[in-house]
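The values are calculated or read from the model by the stated rules, or taken from the named source; none is laboratory data. Owing to the predicted nature of the structure, the values given are computational and were not obtained by experimental measurement. Reconstructed Cβ throughout: ideal geometry from the backbone, glycine too, with neighbour counts over all protein chains shown.
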Amino acid sequence: MATFKDLGLPNFLIETLDVLGYESPTRVQSAAIPEALLGKDILGVSQTGTGKTAAFLLPIITNLHKGRTRARMPRGLVLCPTRELAAQVMENFTTYSEKTKLSSALLIGGVSFKDQDKKLDRGVDVIIATPGRLLDHFSRGKLVMTGIEILAIDEADRMLDMGFIPDVTKILEKIPHARQKILFSATIGEEIEILTKKFLRNAHRIEISRSATVTKNVDQSLVFIDKLVNKKVNKSYFLVDYILKEKELTNAIIFCNRKKDVTQLTNIIKNKNYKAGEIHGDLNQEARTDVVKKFKNGDIKFLIASDVAARGLDITNVSHVINFDVPTNPEDYVHRIGRTGRAGKKGIAITLAQKADGPMIDNIQTLINEKINVTTFLLPSSNLVSKNNSTELNKLSKIPHDSEKPFLPDFLFTSFES
Ligand code: AMP
């Protein structure tokens with residue numbers, strides 16, 4: 001197996017990685033770094049959890065650490081689709097570049113321009129930005145992009161989903177064609193292909209299949225809850241009972257498809273005396289950063305999230321990801337469950353599903369090229385949910401409960417008989 005030294009990285013970076021406990025390069029790092037160090041353009045097809053961030057940051061640091069900073073003329077640029085991902089990449093950059101004099105700025109929306117302006121005026125080597133905010137600074141005359149020597153675009157497919165490709169194109173047009181570009185995307189559709197053909201120079205293509213990446217540490221399961229859901233017993237009852245009964249759960253990120261459900265579910269969980277917080281696109285940056293910090297510190301046990309948080313959150317100790325809803329976009333499933341099982345740890349991902357979700361589950365299984373286990377441990381014996389028990393079920397909504405006791409009566413948790 002290759003070592004970081006074999007990849008051609010300088011000694012100061014090898015020492016930094018050693019301190020971080022990175023024993024050997026991941027597959028995407030082994031494939032991308034030597035080529036990127038030669039100045040080649042890279043097109044990487046690889047998901048979160050594969051070590052792709054270091055695959056573009058380590059070459060950026062290596063290629064730029066000797067040069068000089070100039071006011072308003074960054075030499076390196078990383079574009080990310082979300083503020084969270086950009087902040088995370090910045091955190092990694094700061095860690096990896098510890099032994100260098102490289103300066104950096106995080107240019108994301110939702111925070112004031114003032115501090116960002118100050119940094120740009122002073123001069124920064126590397127900018128990590130979301131496309132909209134970067135263009136805002138550009139149009140205000142705060143930076144020029146002709147000095148950029150190396151550009152990385154992270155999660156290009158997500159840029160596409162979020163409607164950022166026109167902004168990314170505008171940025172690419174401002175950077176001289178001969179400069180080095182690295183683009184990572186979980187999938188390459190037609191539009192990303194067009195973009196790469198136009199702007200990348202004979203790119204070295206790397207494809208790291210998902211199967212050997214994030215999920216090998218993640219135990220995935222699907223729970224079909226149709227039989228118990230009716231007007232009185234809804235999904236949140238299952239969730240609350242599950243988090244109470246699941247012994248291995250130390251903390252969890254719970255994903256909902258809609259923002260309003262995020263808020264509603266957060267309130268339900270808080271009402272059961274659990275420490276919980278919410279994160280979604282309607283919150284300002286300060287609130288988002290604050291809730292992520294609390295979750296990282298263990299001040300809250302549950303982070304209820306929309307897909308805005310599915311990418312970029314790098315928290316090493318998340319025991320569970322719970323999909324309260326099956327994501328409509330199969331890539332989101334991969335990103336959601338990639339929040340657990342990080343850095344070699346084991347993770348559990350459970351998805352609450354109903355029959356109507358069938359086509360979406362098929363799409364997910366096609367994308368990940370595997371079948372997700374259907375688990376029944378949450379489900380009642382089928383005869384208990386037959387008509388004669390419907391009165392029992394209807395009573396459930398009236399059962400008073402607190403976080404000490406299981407919410408659903410135990411008869412509902414005997415083994416499933418098909
Ligand atoms: P990423 O795919 O960039 O989101 O990285 C996933 C996680 O793996 C992050 O927590 C990184 O810090 C960690 N990581 C990246 N490269 C390595 C490596 N070579 N050895 C161990 N951990 C790594």
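Brief remarks follow.
- Members of region 124-141 found to be outside any helix (DSSP H, G or I) and crowded, with 17+ Cβ neighbours inside 10 Å, listed by number: VAL124, ASP125, VAL126, ILE127, ILE128, ALA129, THR130
- Restricting region 308-348 to residues that are away from the ligand (no atom under 16 Å from the Cβ) and buried (at least 22 other Cβ atoms within 10 Å of the Cβ), the residue that is modelled with the lowest pLDDT: VAL308
- Residue tally, condition part of a loop (DSSP other than H, G, I, E, B) and in contact with a strand residue (DSSP E or B) (Cβ under 8 Å, 6 or more places away or on another chain), over region 99-123: 4
- Checking region 92-114 against the condition returns no match, with no residue being away from the ligand (no atom under 16 Å from the Cβ), within 26 Å of ARG205 (Cβ to Cβ) and not charged (D, E, K, R).
Results for (1) part of a loop (DSSP other than H, G, I, E, B); (2) not hydrophobic (A, V, I, L, M, F, W, C), shown as yes or no for each residue.
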{"residue": "LEU239", "(1), (2)": "no, no"}
{"residue": "ASN257", "(1), (2)": "yes, yes"}
{"residue": "ILE269", "(1), (2)": "no, no"}
{"residue": "GLY277", "(1), (2)": "no, yes"}
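- Filter result for the condition that a residue is touching a strand residue (DSSP E or B) at 6+ places or on another chain (Cβ under 6 Å) and touching a residue at least 60 places away in the same chain (Cβ under 8 Å), over ALA87, ALA32: ALA32
- Within region 48-68, residues that are over 14 Å from LEU183 (Cα atoms) and small (Gly, Ala, Ser) reach partners that are assigned to a loop (DSSP other than H, G, I, E, B) and more than 7 Å from the ligand (Cβ to nearest atom) with beta carbons closer than 8 Å, at six or more positions or on different chains, in the pairs GLY49/THR213; GLY49/GLY338; GLY49/GLY341; GLY67/ARG75; GLY67/ASP125; GLY67/GLU149.
- Candidate set from region 30-62 (those that are within 9 Å of the ligand (Cβ to nearest atom) and outside any helix (DSSP H, G or I)); member that is surrounded by the most Cβ atoms within 10 Å (Cβ to Cβ): THR48
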